[in-house]
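For reference, the structure discussed in these notes is given below.
The values are calculated or read from the model by the stated rules, or taken from the named source; none is laboratory data. No experiment lies behind these values; they were computed from the predicted model shown. Heads up, the Cβs are rebuilt from the backbone with ideal geometry, glycines too, and the neighbour counts pull from every protein chain shown.
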Amino acid sequence: MRRIATRLGRIALSNPVSVASGTFGLEYADFFDLNRLAAFVTKTITLEPKQGNPPPRLYETEAGLLNSIGLQNPGLDAFIAVHLPRLRKQLSIPIIVSFSASSVREFAEILKRLEDEPDISGYEVNISCPNVAREGITFGVDPFAVAELTHKLSPLTQRELIIKLTPNVTDIAAIAQAAEDNGATSLALINTLTGMAIDYRNGRSFIKRGIAGYSGIGIKPVALACVYKTAQAVRLPILAMGGIHTWQDALEFFYAGASAIAIGTASFIEPDAPIRCLEGLQNWFQQNDLILPEIIGRVSF
Amino acid sequence: MNLHKQAVLSSIENINQSYFTLTVEDKEVAELSQAGLFCQIRPRSSSFPRLRKPISIYDVDGDHIRFMIKRIGAGTQGFAQLRSGDAIDLIGPLGKGFTVPAGRRIILISGGIGYPPLFFLNKRLKDAGNETFWLHGGNCSDDLFPCAELWCRDGSSGNAGLVSEGLAKRLPDHQYDLAYACGPIPLLKACHQICQQAGIPLQVSMEAYMACGIGVCHGCAVPVWERGEPVYRNVCSDGPVFDAALIRWEEL
């Protein structure tokens, strides 16, 4: 296990395999011991409950999945009263709370409320969801908005402050730098790409809302390039996700510059995908007599 | 507790050009199976990552669970190419099923691939001492399977027309305590209107595109009323069976 221990800013992780926000829940405890994960990342919470988008919300493309969930969640009060106690009870690994909001003030308000709650190791600030009108992505595409938001949040906490970036930008490095310069302690990337699917037989969009978030196997090369570009531009540790299904995929992301990875869509296909990935990495590092920090960012050309 | 099993395919049989059945053996899954539940399955041999297919339980016989599948796209075609002895990766049985009362008169309505869950339900209802009458409809003769009354849109077999017409015709002359339906949304909508007018409680099994199958991703949302509030619930974990009176049909 020691060979694959890693760090995400202020938190030490026993291994580099975590789970992507929105794709995972305590339901997976039926399939493996969740405490074997590096960390547990919650679904994104907003201040008020959100009903989510009208269905259909899903469509599987030739390679990967479109979703238009729309951040359906019970809201901050119910999260604190009902969901967080369950997480505390079942988990001994770091809990990272993902949240989103529609203004800097609202982001700060949520963070302050969560600061009063024990047993949270860090926050993943979701400024990159493509499926909602006001929250998130309007921040994530603008380096000045990211700078202002991070500047406001970072003095409010001593916990890990992860900014989750969108790939739907021209220059992800500039956004990453804005977060780094203003006190983020790590970065998570990538959130979903924007995508769409239309039924050629009748011209109807497969997703009710039209444009959706694209995840899974098809986005891996895009995610890898984003991680590489970001790792070249900043010193912050990177929690990488985007089409990771196997331990071999994970290794690619370490070479590109990631300190840890998250399994997302793959969990829907194989519920024990995170554990298979973890065990594969343990074997590989053992067999090659290497430790994780030795390969992070060491892609060769 | 959701089971994740590698089950052995004991047989695969073609019903006709469009439909086939898979029979797998697993004692635990068979014991936990109830009418209306489903499994998330994928061929063990598949290497390219595709989502699992949610397939309703068609029948249970001892330790054997049977699924009936319609060839639609590449995913279902992948199952059609399996051979007995191959492994199926299975999560289930999942969801909340039909209620099975005792000593009632019950009418069942299915359309197309809505047939298999009602086959299992019909068996369980009869075992529990209920009296049932089952109407089934389809677009063409391939979509028709044994039941009490058949309807076919192209007129090639059974009664010509929609199965919902059969329901509307039958209700005035017969007394039913309950109705259960599974099939395409337009059929379920029609059943809801007809049963509501007749004052018969209706349970419907809903279908939706699904990712996790266990209530995590909220992808398979269905619009319902809950304590007077419009909300979305998961077909996979809150359903697939819902009280038709609680579904916001106008949103579908």
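Residue-level analysis places A:GLU27 among those that are surrounded by fewer than 24 Cβ atoms within 10 Å (Cβ to Cβ) and within 11 Å of chain B (Cβ to nearest Cβ).
For every residue, the table says whether it meets (1) at pLDDT below 95; (2) under 17 Å from B:CYS195 (Cβ atoms); (3) not assigned by TED's automatic domain parsing to the domain that holds B:ALA30.
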position	(1), (2), (3)
B:TYR115	no, no, yes
B:LYS123	no, no, yes
B:GLY129	no, no, yes
B:THR132	no, yes, yes
B:SER141	yes, no, yes
B:GLY158	yes, no, yes
B:PRO172	yes, yes, yes
B:TYR176	no, yes, yes
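Tell me, which residue of the stretch B:78-105 that is buried (at least 23 other Cβ atoms within 10 Å of the Cβ) and not in a strand (DSSP E or B) is farthest from the other protein chains (Cβ to nearest Cβ)? By that ranking, first place goes to B:PHE98. Just one of the listed residues (A:ILE69, A:ILE110) is more than 13 Å from every other protein chain (Cβ to nearest Cβ) and either under 20 Å from the mean Cα position of the chain (by Cα) or crowded, with 23+ Cβ neighbours inside 10 Å (or both), and it is A:ILE110.
Hey, could you check the stretch A:30-39 for residues that are surrounded by fewer than 24 Cβ atoms within 10 Å (Cβ to Cβ) and touching a helix residue (DSSP H, G or I) at 6+ places or on another chain (Cβ under 7 Å) and say which is nearest to the other protein chains (Cβ to nearest Cβ)? Here the residue is A:PHE32.
Please go through the stretch B:191-213 and pick out each residue that is in a helix (DSSP H, G or I) and under 12 Å from B:PRO240 (Cα atoms).
Residues satisfying the conditions do not exist here.
Per the listing A:LEU153, A:LEU161, A:LEU224, the residue uniquely more than 19 Å from A:VAL97 (Cβ to Cβ), in contact with a Phe, Trp or Tyr (Cβ under 8 Å, 6 or more places away or on another chain) and crowded, with 16+ Cβ neighbours inside 10 Å is A:LEU224. Within the stretch A:252-263, can one find any residue that is of a type in the set (Phe, Trp, Tyr), surrounded by 24 or more Cβ atoms within 10 Å (Cβ to Cβ) and within 11 Å of another protein chain (Cβ to nearest Cβ)? So far as the stretch A:252-263 goes, no, none of its residues is of a type in the set (Phe, Trp, Tyr), surrounded by 24 or more Cβ atoms within 10 Å (Cβ to Cβ) and within 11 Å of another protein chain (Cβ to nearest Cβ). Scanning the stretch B:123-165 for residues that are in contact with a Gly (Cβ under 9 Å, 6 or more places away or on another chain) and crowded, with 20+ Cβ neighbours inside 10 Å turns up B:LEU135, B:HIS136, B:GLY137, B:GLY138, B:ASP143, B:LEU144, B:LEU150, B:TRP151, B:CYS152, B:VAL163, B:SER164. Whenever a residue of the stretch A:43-61 is over 17 Å from A:PHE268 (Cβ atoms) and more than 10 Å from chain B (Cβ to nearest Cβ), its partners that are of a type in the set (Phe, Trp, Tyr) and in a strand (DSSP E or B), lying with C-beta atoms within less than 6 angstrom and at least six residues away or across chains, give the pairs A:ILE45/A:PHE99.
Scanning the stretch A:169-179 for residues that are more than 15 Å from the chain's Cα centre (by Cα) and over 9 Å from A:GLY140 (Cα atoms) yields A:THR170, A:ASP171, A:ILE172, A:ALA173, A:ALA174, A:GLN177, A:ALA178, A:ALA179.
Of everything in the stretch A:238-251 that's buried (at least 22 other Cβ atoms within 10 Å of the Cβ) and not aliphatic (A, V, I, L, M), which residue is nearest to A:PRO274 (Cα to Cα)?
Per the criteria, the residue is A:HIS245.
Here is a yes/no grid of residues against (1) acidic (Asp, Glu); (2) farther than 30 Å from A:ILE263 by Cα; (3) more than 14 Å from every other protein chain (Cβ to nearest Cβ):
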site	(1), (2), (3)
B:ASP143	yes, yes, yes
B:LEU150	no, yes, yes
B:GLU165	yes, yes, yes
B:GLY199	no, yes, yes
B:VAL216	no, no, no
B:PRO223	no, no, no
B:GLY228	no, yes, yes
B:VAL241	no, yes, yes
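Against the condition without any contact (Cβ under 8 Å) to a residue 24 or more places away in the chain and either more than 10 Å from chain B (Cβ to nearest Cβ) or surrounded by 23 or more Cβ atoms within 10 Å (Cβ to Cβ) (or both), how does A:VAL19 come out, does it pass? Criteria not met by A:VAL19. Going by the structure shown, is B:ARG233 basic (Lys, Arg), closer than 17 Å to B:LYS96 by Cα and not assigned by TED's automatic domain parsing to the domain that holds B:GLN40? Considered against the rule, which asks whether it is basic (Lys, Arg), closer than 17 Å to B:LYS96 by Cα and not assigned by TED's automatic domain parsing to the domain that holds B:GLN40, B:ARG233 comes out as yes. Sub-6 Å Cβ pairs linking a first residue in the stretch B:19-46 that is on the phi > 0 side of the Ramachandran plot to a second residue that is buried (at least 21 other Cβ atoms within 10 Å of the Cβ) and assigned to a loop (DSSP other than H, G, I, E, B), at least 6 apart or interchain, are B:GLY36/B:GLY97; B:GLY36/B:PHE98, ordered by first then second residue. Give the residues of the stretch A:180-203 that are within 14 Å of chain B (Cβ to nearest Cβ) and over 17 Å from the mean Cα position of the chain (by Cα), sorted by residue number. Result: A:ALA197, A:ASP199, A:TYR200, A:ARG201. Do you know which of the residues in the stretch A:1-12 that are crowded, with 23+ Cβ neighbours inside 10 Å and touching a strand residue (DSSP E or B) at 6+ places or on another chain (Cβ under 7 Å) is farthest from the other protein chains (Cβ to nearest Cβ)? Ranking the qualifying residues of the stretch A:1-12, first place goes to A:THR6. For the stretch B:5-56, the set of residues classified as surrounded by fewer than 21 Cβ atoms within 10 Å (Cβ to Cβ), within 21 Å of the chain's Cα centre (by Cα) and within 11 Å of chain A (Cβ to nearest Cβ) consists of B:ARG42 only.
Conditions tested, residue by residue: (1) within 25 Å of B:HIS64 (Cβ to Cβ); (2) in contact (Cβ under 8 Å) with a residue 12 or more places away in the chain.
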| position | (1), (2) |
| --- | --- |
| B:THR99 | yes, yes |
| B:ARG104 | no, yes |
| B:ILE113 | yes, yes |
| B:GLU131 | no, yes |
| B:ASN139 | no, yes |
| B:PRO146 | yes, no |
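Among the residues of the stretch A:121-139, what is the count of those that are in a loop (DSSP other than H, G, I, E, B) and either more than 16 Å from the chain's Cα centre (by Cα) or farther than 18 Å from A:HIS83 by Cα (or both)? Of the residues in the stretch A:121-139, 10 are in a loop (DSSP other than H, G, I, E, B) and either more than 16 Å from the chain's Cα centre (by Cα) or farther than 18 Å from A:HIS83 by Cα (or both). Filtering A:ALA108, A:ALA101 for residues that are hydrophobic (A, V, I, L, M, F, W, C), part of a loop (DSSP other than H, G, I, E, B), touching a helix residue (DSSP H, G or I) at 6+ places or on another chain (Cβ under 6 Å) and over 28 Å from A:ALA225 (Cβ atoms) leaves a single hit, A:ALA101.
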